Each structure stands twice: as structure tokens, then as C-alpha cells.
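The structure appears below as C-alpha cells.
The values are calculated or read from the model by the stated rules, or taken from the named source; none is laboratory data. Remember, predicted model here, so these are calculated numbers, not experimental data. Neighbour counts are summed over all protein chains in view; Cβ atoms, including those assigned to glycine, are modelled from backbone coordinates with ideal geometry. Side chains included, ligands, DNA and RNA excluded: accessible areas come from the protein's heavy atoms. Shrake-Rupley method; radii C 1.70, N 1.55, O 1.52, S 1.80 Å.
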Amino acid sequence: MLDDISLQVERGELFGLLGPSGSGKTTLIKLMTGIDKADGGTVRMLGERMPKLAMLQRFGYMAQSDALYYELTAKENLSFFAALYGLKGERLHKRMQAAMAVVDLEDHLNKTVSAYSGGMKRRLSLAIALLHEPELLVLDEPTVGIDPVLRQSIWQELEALRERGTTIILTTHVMDEAEKCGRLGLIRDGKLTATGSPEEIKRQSHTQTIEEAFIALGGGVRS
Amino acid sequence: MRIRALAIRIIRQFVRDKRTLALLFLAPLLILGLMKLVFNGNAVEPDIGLIQAPSAAIAEQLDKAGATVKAYEQAQDAEQALRERKLDAYLTFADGKPALRLEGSDPSMNQSVLLLLQRTMNAGAQAVQPEVTYLHGTDDMASFDFYGPVLIGFFSFFFVFMLAGVSFLRERTSGTLERLLATPIRRTEIVFGYLSGFGLFTLLQAALIAWFSIDVLGLYMDGTIWYVLLMNLLLSLTALTLGTLLSSFASNEFQIIQFIPIVIVPQVFFSGLFNLNAMTPWLQHLSRVMPLYYGADAMRSIMIRGEGWSAIDTDVYVLIGFSAVFALLNVIALKKHRAI
């Protein structure tokens, strides 16, 4: 799937992986989190060699599919995942409120997830990823199906998290979202075609937009 | 902590899912109730035709033995009735020697006609009747009492197998397993969390089935209820671990259903519902790898023969062994989804 990828993300960065579906974004993310193991090569996260179980405590992960228990309420979903991360008592309560505030779902805490809309489910997944205040957030297509207003507020929140020192790695295939990332990695057919800030990438490829840059750097016509 | 969280989550999900609860708790009762009605039906009364019986005494004796006797003048009339299935057999007396013609399509009916006839013929001989005593059971023990213990074990096994398989599969197909594996939970914690969450329901189910069959259906019971519960729980545990393990090899609910003819049905054949001694010897050895065989064997020992620990200890250890192996394999199978 992935071929000769060498990538370094600094602490406190908001790094975006941009590429069409099937390009290998999710595979790369699974290697980073240690869910998958590479056939060759090494992955180091926060200074530790992956895969390592204890590291998962320091990551917040949001999968591409809404991994939620539909029969349960949002609160029950949150407290289940919170328990897996060892949150309890006062801290649990505070974090639950805070995470739900970020995604604007405080009023729907006691609803069963099956009554949630697609966008609400996506937001709840994000809230779960934020729950234990991880050092690193790994988000696989976090804003799919979320309306523009909320998308903007989520981006603001991500930016705020980054300023507080959280490293964020996310995937997207939306070009205008890519512009908001501090640095970008362009992925195509399992190859990293370019890395750098959005400006650097545009300059490098002599193009005006990320979209054009993507086409130019990806080798133009698809093979 | 994580095991507990997982168990609580499973219990909550279960309680919300009323239909599945009903399947787990009411379906076995319904089926056991039906079984009771089927196996405890009234004794069969064969319809026997008599053609020109030499004496009226024969008809009387047959009638006393429980047959419905119809007299015919002509053999072809009786033959016609046999074809139309109004008769199960008819008796002719050519030259004073009795000859029996059976309808013949139902072996159990053939046997009851033959048995009945034998009894009538012997009745005249004034043979010495032996005194009959029973080591186990009583003279009014019905087939249901013999099959019941096996059926109790079977239902515990079957329903738990299905539920555990489908639940674990759903965890995978809905993406929640992947999400679960992105938390610092250990693979063993997942397996044990499932065991304890489901364990609670299987314990309740086992208790309910045992109570229903013994107290409501009046199943013959000569042993200790605690042993019955223990065996039921162990069987459910084996079904639980086997179900979750096999769900790793299914990619949707339908493929779980496909395990029924492969995993469940053969176990029924070897569970003791059918006489194992009548089987080809090499085939009998197959029963050694079937969890249900051990469960059913122990259940019969407890309920019918009233035996205690010494009779069931091997079965208990074997079932614990099965569960442990399946659980361990499950922990290994989870490696497919997360490298560590």
C-alpha cells in the first residue's frame, strides 16, 4: 500500500495528509497509531518506537467510520471510552462537558446515538477523541458530513488545541481545509509526493492553489 | 477497570435490545415447552384389522392391550384400508396360523404393533411375570425426561453461540473494534470483558432454563440443582468463547448463520440425543471433540442418575479446557486487527 514514505512531524504542529480516497492516508494513520505494523521501516511517535500499547494512552484517535454504540446514549459512549483511558470522578465529568462543548453537543448528552444525525455522530466521535486530553490527536477525515458553520468552529478549536501544545495529524481530501494546516503531506498511490507548508507547496509547483499543486506534483495524468 | 467498563457497556447494550433479550430468555422456554408436548404425547394406539378371527377372545385381548380393532370379512377390504392408511396392520388366520401385514412406512409404528401383538400372544401363556425395579428413574419416566437434560444444555449452547458470534462480529463491522483497539486496552481485556458481560446473561439464562424445565415442565430431576447450573454455565461459556472466536472468520451475520450446520448440528448428533453406541466405532470418537457431548453427558448423570461431583468432574475440566483454549485463540485472533 505505502511505498518509501519518510515523514517527520514536529510537536505542536497541525499536519494535514491530503490525498484522494484509496491513496493510503488511512493506512499511514494506522501505522502511526500502531494499529497496523509496517512490513518494513520504523515509526516513532513522541520519541517512542511504535507499535507500543502504552503510547495509545497518549493519542486521541478518530476513525473514518463513526465507531459508536448506537444503542447507548452519548453519555454512555463517552463514559465507556473514558473508562478505557482511565478517566473517572470529577475529571471525567469535567472532561465530558468540555469535550461535548467543543463539538456543540452539550444539550444532547442523554440522547441515544441512534437518534443522532450523521453530523452529530461525527462530532461525538471527535469529542471522544478529545476526551482524555491527548498529546497527539490523530483524526481521519474529521469534518466529513459536518456543516460549514460547525466545521469552522471545529477548525478554530483544533487551532486552539494546537496552540496549547497538542500535535494534530489529520487526513482530508478537501482542498480548502488543507490550506488551514501548518504543514501538508500530499499522498498519491501510496507515495508521498510533497511535504511543506501550503505556500511552499504552491511555490514548489508554481501553482496558485493546492488543488493545482496536487495535480502538478502527482505527475499530472493519473496512470 | 477496562474489563468492567466493557462488561457494563455490553450489559447496557443488551438491556436496550429487547428483542435479543427475548431470544435469549424466552425462545428456549418456548422450544422446551413444545418439546415437552411433542415427546409426552399420548401413547400410540395402532389400528389393527382382524379378518375372520377364530375366536372373539383375540379381539378382546388386542383391545385390552391398547389397539383399536376393526373386523373385516374379506382380506382385500383390509388391504384397501391399509392402503388408505386407515389401518396400521391387519391380522389374518390362514389355516389357523396367524399372519400379520403391516403398513410399514413408520418404523416406530411397526414396533408398537409388533410389541402389542407379542404381549397379546404371551398373555394367554400365563408366563411368570418378573418383578421390575429401577436403578435410576421410574416406570413413568417419559422420553422427555431422557432427552430433557440434553436439550437444556443444547439451548444454553446454541443461543449463546449465536448471540456472542453476532455481537462480536458487529463490533468489528461497525468499526467500534478498530476504535476500541486504538485505546490502550489489552487484547486479553477485550476477551475477558466480553466473557464477563455476556457471562451475566448466560448465568441468568442457565438459571431460568433449569428452573423452567424442572419446576414448570416437571422434568425428572434426581440430582443437585447447583450442578445443573454449573454445567449450564460451563456450556454457555464454551459457546461464548467459541462464538466470538468463530466470528473472526465471518464477515457478516449471514456467515455466522453458516456456522450452524457446520458447528452446531454435528454436535447435536453426538450429544446423546441419538444413541452413540449405535454409531460406527470410529465415528464415536468424534464426540470427544464436541463440547456439547461432555455437557450433555454430565447433565444426564446429574438429572437422571442423581450422580455427584465424581461423575461429572472430567466433563467440568474438559469444558473449562475448551473455554480456555477458545479464549486464548481469540486473543491471538485479535492480533489480526491490531499488531500489539
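Considering only residues that are surrounded by fewer than 19 Cβ atoms within 10 Å (Cβ to Cβ) and over 28 Å from A:SER21 (Cα atoms), look in the stretch A:54-85 and name the one that is farthest from the other protein chains (Cβ to nearest Cβ).
Initial filter on the stretch A:54-85 (surrounded by fewer than 19 Cβ atoms within 10 Å (Cβ to Cβ)): A:54, A:57-58, A:64-65, A:70-71, A:75.
Retained after the next criterion (residues that are over 28 Å from A:SER21 (Cα atoms)): A:54, A:57, A:71, A:75.
Working: A:ALA54: 7, A:GLN57: 4, A:GLU71: 4, A:LYS75: 11 Å.
Checked the stretch A:54-85; the qualifying residue farthest from the other protein chains (Cβ to nearest Cβ) is A:LYS75.
If the Cβ limit is 8 Å and pairs must be 6+ apart or interchain, which residue in the stretch A:12-35 that is at positive phi pairs with which residue that is open to solvent by 30 Å² or more (accessible area, probe 1.4 Å) and in a helix (DSSP H, G or I)? Partner pairs satisfying both residue conditions: A:GLY12/A:ARG162; A:GLY34/A:LEU53.
Can you pull out every residue in the stretch B:194-228 that is of a type outside the set (A, V, I, L, M, F, W, C) and either without any contact (Cβ under 8 Å) to a residue 12 or more places away in the chain or closer than 18 Å to B:MET299 by Cβ (or both)? Matches in the stretch B:194-228: B:THR202, B:GLN205, B:SER213, B:ASP215, B:GLY218, B:TYR220, B:ASP222, B:GLY223, B:THR224, B:TYR227.
If you go through the stretch B:137-193 and keep only what is among the β-branched types (Val, Ile, Thr) and closer than 28 Å to B:MET303 by Cα, you end up with B:THR138, B:VAL150, B:ILE152, B:VAL160.
Residues in the stretch B:265-280 that are modelled with pLDDT under 85 and out of contact with any Phe, Trp or Tyr (no Cβ under 8 Å at 6 or more places or on another chain) were compared, and the one that is surrounded by the most Cβ atoms within 10 Å (Cβ to Cβ) is B:MET279. Scanning the stretch A:1-43 for residues that are open to solvent by less than 50 Å² (accessible area, probe 1.4 Å), more than 26 Å from A:GLU199 (Cα to Cα) and assigned to a loop (DSSP other than H, G, I, E, B) gives A:GLY34, A:ILE35, A:ALA38, A:VAL43. Residue count for the stretch A:44-53 under the criterion of being more than 8 Å from chain B (Cβ to nearest Cβ) and either touching a residue at least 12 places away in the same chain (Cβ under 8 Å) or part of a loop (DSSP other than H, G, I, E, B) (or both): the result is 4. Among the conditions (1) within 14 Å of chain A (Cβ to nearest Cβ); (2) within 23 Å of B:LEU237 (Cβ to Cβ); (3) in a loop (DSSP other than H, G, I, E, B), B:GLU307 misses just one, which is (1).
Within the stretch A:94-111, take every residue that is charged (D, E, K, R) and in a helix (DSSP H, G or I) and give me the one that is least open to solvent (accessible area, probe 1.4 Å). That would be A:ARG95.
Any residue at all in the stretch B:110-125 that's touching a residue at least 60 places away in the same chain (Cβ under 8 Å), in a loop (DSSP other than H, G, I, E, B) and open to solvent by less than 30 Å² (accessible area, probe 1.4 Å)? No, because not a single residue in the stretch B:110-125 is touching a residue at least 60 places away in the same chain (Cβ under 8 Å), in a loop (DSSP other than H, G, I, E, B) and open to solvent by less than 30 Å² (accessible area, probe 1.4 Å). Under the condition of being surrounded by 21 or more Cβ atoms within 10 Å (Cβ to Cβ) and farther than 22 Å from A:GLN57 by Cα, the residues counted in the stretch B:159-197 number 12.
When the stretch A:86-103 is filtered for residues that are at the interface with chain B (Cβ under 9 Å from one of its Cβ atoms) and either within 16 Å of B:GLU178 (Cα to Cα) or among the small types (Gly, Ala, Ser) (or both), only A:GLY86 remains.
Would you tally the residues in the stretch B:315-336 being open to solvent by less than 50 Å² (accessible area, probe 1.4 Å) and within 14 Å of chain A (Cβ to nearest Cβ)? So the answer is 2. A single member of B:ARG187, B:ARG170, B:ARG179 is within 14 Å of chain A (Cβ to nearest Cβ), in contact with a strand residue (DSSP E or B) (Cβ under 8 Å, 6 or more places away or on another chain), farther than 25 Å from B:GLN76 by Cα and not polar (S, T, N, Q), and it is B:ARG179. Taking the criterion of being of a type in the set (S, T, N, Q), more than 30 Å from B:PHE39 (Cβ to Cβ) and part of a helix (DSSP H, G or I), the residues of the stretch B:171-229 that qualify are B:THR173, B:THR176, B:THR188, B:SER196.
Do we have B:LEU240 as in the same structural domain as B:TYR294 (by TED's automatic domain parsing) and surrounded by 19 or more Cβ atoms within 10 Å (Cβ to Cβ) here? Show your work before the answer.
Numbers: in the same structural domain as B:TYR294 (by TED's automatic domain parsing): yes; surrounded by 19 or more Cβ atoms within 10 Å (Cβ to Cβ): yes.
The answer is yes for B:LEU240.
Here the condition is being within 23 Å of the chain's Cα centre (by Cα) and at pLDDT 90 or above; of B:SER247, B:SER236, B:SER196, it holds for B:SER236 alone.
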